[in-house]
Amino acid sequence: MNFLLKRMRFLVSIFLFILPAVAASGQQVRGWEGTIELPTYLLGEEDPFPPFGVVNPHHVYPYTMLDDLTDRRENKKYRALFIENEYLKATILPDVGGRLYSLYDKVAHREVFYRNQVVKYGLVALRGAWISGGVEFNFPNGHTVMTVSPVDSKLLNNDDGSVQAIVGGVDRITGMHWEVGLALHPGEARLEQRVTLFNSTPSENLYWYWANAAVPATPDMQFIYPMREVNPHSPTEIWTYPVWKGVDYSWYKNIPQPTSLFGLGIRRDFFGAYYHDSDYGVVHAADYREVPGKKVWSWGVAQDGLIWTDLLTDQDGPYNEIQSGRFETQLYREFLPTERVETWTEYWYPVHGLNGGFVEANRDIAINLTGSGSQTKLLVSSTTNNPDAVLRVLVRPLRDRIVIDHGPQNERVVSIQPESQLFLAREAGVTCGRQLVDDAVEPGAFEFQSAIVDEPAMQDANRLDRLIGLKPSPV
């Protein structure tokens, strides 16, 4: 969703503040434990011998290797944690690494993420076996040793009416502990993801953390990332984004081969994916100072990538990945000091009716602008339906001011002049309630410093806008 502004800049102040919400009568969150039955391609015997570095460079001892894949398919029951409110239903599988298996949108009657209807292993993870779909939690490294193994789990009913499903465990290689608390709250169409990492050992240990969400790969799917330069999983290369060497990598249909892209220098709190044909998408929101990593992954549209479709599923088709990380790229790790606890919160939620994606989002709302001039449309998709909340849009110089009821979806026409600029800022005089869009973009964020030196492509057409703000999408 990056667009060239050339000589035209837009300036719109957008504010959203909300009075404390009280759940309507009958709104509640349910949580329960049970099982689900899934067709499963069985694993062979675990390898009892420690892997040697000549054959496997990954250090997995004292874990065994899980690299004996079979074609024997049987129905198998898995422990499951279920949490559900009036908008969403989440299914978490403690027997498969604590993975978020499904997040079902009860309003749109569809899955928010890619749901794989079969457990079909591929040799991807550190110990070998790995499965696709849902959201995978990775600590202290990627496709971790516990990604398809049982982990600890618990359901909590909280005083605020929310229900939290907690999964986690101890990594036996480092002795470090991790847990992820997935929660639904009354009246909120978003999934809260609370991450806690703890090093209880007497020595510091290297780590990273990434949440790996799978989304369906279809021709109309677009990655919505507020980034202008990316690292293609390389110690030396830097690309412009979305366009690099004539290819727009924001569209899945254009990606020719397996591709991994990490956003660089991003000081924004959101990313996601959008499906233009169904006018539907998913947003991830978190404080970029706590979770700076924003990654795009795709197998691409060529056969060397698509071959993995049949290796990992029977009938659910290809997928892409949208990932959030503790660090900017997966080429970088840090030491977690002894007795150190790190914790932060992330959010996932579905959006719809935004006519092409979103140009700004936080944990409460996603916003898009389409059109131009006097026919600029502001579209909003929110995670709550609170009649006391308002979205105030102020165009400067002062030409238009509107108040929008904050509901599941809103659309208004805003008059924006060519000489105007577009930004987010605090509205003077707001003294009550909770302001939700509040200095979301720091002043310094407008001064993006390119990491590409003397790159001609950064001039003219491939120079992406220096102003980070709300920008109209093409009609």
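Tell me the relative contact order for region 30-350 as a rounded percent, counting alpha carbon contacts under 8 Å between residues six or more apart.
Values: 862 pairs, mean separation 53.3, N = 321.
Once divided by the residue count of region 30-350, the mean separation gives 17 percent.
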- R0 of 22 Å, Cβ-Cβ distance residue 107-residue 194: FRET efficiency to nearest 0.05: 0.35
- Item | region 223-287-region 319-349 distance, computed between alpha-carbon centres (Å) | 18
- What does the charge dipole of region 62-186 about its Cα centre add up to, to the nearest 20 debye, if the Cβ of each Lys and Arg holds +1 and the Cβ of each Asp and Glu holds -1? 400
- Virtual paramagnetic centre 7 Å along Cα→Cβ of residue 79, amide N under 16 Å, in region 28-47: 32-37
- Query: Hey, if you put +1 on the Cβ of every Lys and Arg and -1 on every Asp and Glu Cβ in region 30-350, which of 280, 40, 311 ends up farthest toward the positive end of that dipole?
  - Reply: 280
- Please work out the FRET efficiency for the pair residue 45 and residue 451, using the Cβ-Cβ distance as r and a Förster radius of 45 Å; give the result to the nearest 0.05. 0.40
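Can you work out the FRET efficiency for the pair residue 277 and residue 237, with r the C-beta to C-beta distance and R0 = 35 Å, to the nearest 0.05?
Numbers: r = 33 Å, r/R0 = 0.94.
Taking R0 as 35 Å, the efficiency between residue 277 and residue 237 is 0.60.
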- Of 164, 193, 206, farthest towards positive along the dipole that unit charges on Lys, Arg, Asp, Glu beta carbons give region 159-257: 206
- Going down the table (106/245; 77/294; 253/377), which pairs top 32 Å between alpha carbons? 106/245; 77/294
- Message: Are there any trypsin sites (Lys or Arg not before Pro) in region 211-265 that are in a DSSP loop and have at most 12 other Cβ atoms within 10 Å? List them by number.
- Response: 245
- Message: At a 10 Å Cβ-Cβ cut-off, how would you order 200, 132, fewest neighbours first?
- Response: 200, 132
- Query: Where nothing but the Cβ of Lys and Arg (+1) and of Asp and Glu (-1) is charged, how large is the charge dipole of region 30-350 around its Cα centre, in debye to the nearest 20?
  - Reply: 240
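Laboratory data are not the source of any read-out in this text; all were calculated from the coordinates shown. Remember, predicted model here, so these are calculated numbers, not experimental data. Positions of Cβ are generated from backbone atoms using ideal geometry, with glycine treated the same way; all protein chains shown enter the neighbour counts.
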